[in-house]
Amino acid sequence: MTGEFEISSQDDAARIGLLHLRSGPVKTPLFMPVATRATVRLVPSWTVASLGFEVLLSNTYHLMLRPGPERIAEQGGLAKFHGFPKGTLTDSGGFQVMSLGARFNEAGVRFRSVYDGRWVDLTPEAAVETQRLIGADIAMVLDVCTQLPAPDAVVAANTTLSARWAARAKRAKHLDGQLQFGIVQGGVDLALRRSSALDIAGIGFDGYAIGGLAVGESTDATLDAVAEACSNLPPERPRYLMGVGDPYLISHAVDLGVDMFDCVSPTRLGRHGVALTSVGKLKIRSPRFASDGGALDEQCTCPVCRQVSRGFLNHLAHADPVSLGSYLSVHNLAFQMSLITQARSAIESKTMKNFLKSVDAVWAPSLRS
Ligand SMILES: [Zn+2]
């Protein structure tokens with residue numbers, strides 16, 4: 001039944017589940033590639049699906065401005081529009097709006113369109129209506145995401161305003177079968193995270209996102225806030241850590257009981273010539289790869305690693321950087337899928353601690369240059 005979340009296996013707080021969406025069941029933990037403007041840049045939706053991803057995230061902010069929610073509705077909704085055969089999720093638009101320095105008050109947000117400069121009003125109710133028209137399987141409530149560091153009073157005020165907006169979003173008219181997720185805020189203040197989690201859980205949503213993290217704080221502070229949120233959210237509902245793609249953070253958040261992730265990082269890094277590999281990040285443009293006939297990542301089974309060499313990718317860095325971005329995006333997505341698959345196996349075999357050790361050996365923050 002749509003909205004049901006079945007947990008089949010656990011290793012302490014880490015869990016494997018099946019979330020039933022309107023479009024069918026999806027396995028968690030899961031990672032959602034980001035299709036900002038209804039497309040994952042340089043990667044067709046069927047390639048994303050063929051790598052094993054089951055949910056694609058699109059940005060309401062961009063889609064509401066172009067092509068407009070009505071146009072997507074006319075064409076049968078988001079999944080049909082971009083041709084992704086599985087699950088879909090739209091964010092509320094809040095994060096983009098805030099990062100572009102919008103003005104907001106109790107009623108909602110007012111911002112200028114990046115496309116034509118016109119003023120646009122976004123209220124909690126309008127965010128629900130826009131996502132109803134776009135028609136993804138999961139819709140997010142509008143929230144206020146605070147850029148850190150910020151004064152305590154600002155984080156507190158934005159967190160309580162987010163809870164009032166969440167209650168309004170819950171009352172707004174929904175699309176049948178579309179799941180609605182609330183968003184926990186609170187910055188890195190643990191007492192505020194706890195009260196936000198309790199407030200949002202008290203309203204009652206199909207799932208709970210943890211927002212406003214990985215925005216400039218330390219990885220320890222991120223994980224402490226995630227732990228605090230998780231322990232105050234209902235265990236029987238899915239939890240989603242927004243905007244986090246770092247392998248270290250994903251693995252440790254899974255260990256804390258997070259079920260869903262999204263991030264632009266695999267494809268953004270790919271377009272900048274950076275590959276995520278089993279031995280860490282690798283810049284393929286480096287002259288040392290020019291005559292390297294080996295696979296990009298020996299441990300990876302993606303089409304890029306199976307079919308072309310580091311030397312070929314190094315050649316593309318000079319001859320056709322856009323194509324290189326496409327190749328590396330495919331590989332980096334495959335890397336992210338493989339990380340999630342390994343986490344699932346570790347939960348099933350109750351070996352999360354060993355899995356975390358192997359991740360830490362490559363991705364621990366202390367190893368970063
Ligand atoms: Zn690969």
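Modelling each spin label as a point 7 Å along the Cα-to-Cβ direction, I'd like the L161/D224 distance in nm, to one decimal.
So the label points at L161 and D224 sit 2.6 nm apart.
Find how much the distance from E217 to D12 grows on full extension, using 0.36 nm per residue of separation minus their present alpha carbon separation; answer in nm with one decimal. Before the final figure, lay out each step's value.
Details: separation 205, 0.36 × 205 = 73.80 nm, distance 2.65 nm.
Going from the current span to full extension adds 71.2 nm.
Which order do peptides 85-95, 184-194 fall in by mean Cβ count within 10 Å, highest first?
Ranking the peptides 85-95, 184-194 by packing returns 85-95, 184-194.
I need the peptides 356-362, 329-335, 163-169 ranked by packing, meaning the mean over residues of other C-beta atoms within 10 angstrom, with the highest value on top.
For the peptides 356-362, 329-335, 163-169, the packing ranking is 329-335, 163-169, 356-362.
Do the sum for the chain: with -39,500 (n - 2.57) for every DSSP H run of n ≥ 4, divided by all residues, what is the mean residue ellipticity at 222 nm, to the nearest 500 deg cm²/dmol? Mind showing how you got there, number by number?
Details: 15 runs with 159 residues, N = 369.
About -13000 deg cm²/dmol.
Through the Karplus equation 6.51 cos²θ - 1.76 cosθ + 1.60, θ set to phi - 60°, convert the phi angles of region 192-201 into ³J(HN,Hα) values in whole Hz; use x for Gly and Pro.
Working through the residues one at a time gives 6, 4, 5, 5, 5, 4, 5, 4, 5, 5 Hz.
What ranking of D292, D12 comes out by heavy-atom accessible area, probe 1.4 Å, highest first? Walk me through the intermediate numbers first.
Values: D292 40, D12 115 Å².
Largest accessible area first, the list is D12, D292.
Label S113 and K173 with points 7 Å out from Cα along Cα→Cβ: what is the distance between them in nm?
Label-label distance for S113 and K173, simple model: 2.3 nm.
Among R37, R66, R271, which one shows the biggest mean-square fluctuation in a GNM of the chain, springs joining Cα atoms closer than 10 Å?
Between R37, R66, R271, it is R66 that shows the largest mean-square fluctuation.
For the chain, with all protein chains present and a 1.4 Å probe, just round the carbon and sulfur fraction of the accessible area to a whole percent.
Result for the chain: 53 percent of the exposed heavy-atom area is carbon or sulfur.
What would the Debye equation give as log₁₀ I(q)/I(0) for the chain at q = 0.06, 0.07 Å⁻¹, counting only Cα atoms as equal point scatterers?
Values returned for q = 0.06, 0.07 Å⁻¹ are -0.21, -0.29.
Which whole-angstrom value gives the distance between the alpha carbon centres of region 6-34 and region 155-185?
22 Å
Counting heavy atoms of the protein chains only and a 1.4 Å probe, report the per residue accessible area for region 5-263 as a whole number of Å².
About 37 Å² of surface per residue is accessible.
Where both residues lie in the chain, what percent of DSSP beta bridges are antiparallel, nearest 5? Don't jump to the answer; show the numbers that get you there.
Numbers: 22 of 46 bridges.
So the antiparallel bridges amount to about 50 percent of the total.
Pairs of lysine in the chain with Cα under 22 Å and at least 8 positions apart or on different chains: total?
5
Relative contact order for the chain using alpha-carbon pairs under 8 Å, separation at least 6, rounded to a whole percent? Present the calculation step by step, with values, prior to reporting the outcome.
Numbers: 741 pairs, mean separation 60.7, N = 369.
Value for the chain: 16 percent.
The values are calculated or read from the model by the stated rules, or taken from the named source; none is laboratory data. In this text the structure is predicted, and so the values were computed from the model without any measurement. Here Cβ is always computed from backbone atoms with ideal geometry, including for glycine, and neighbour counts include all displayed protein chains. Areas reflect the complete protein model, heavy atoms only, side chains present, ligands, DNA and RNA absent. Shrake-Rupley method; radii C 1.70, N 1.55, O 1.52, S 1.80 Å.
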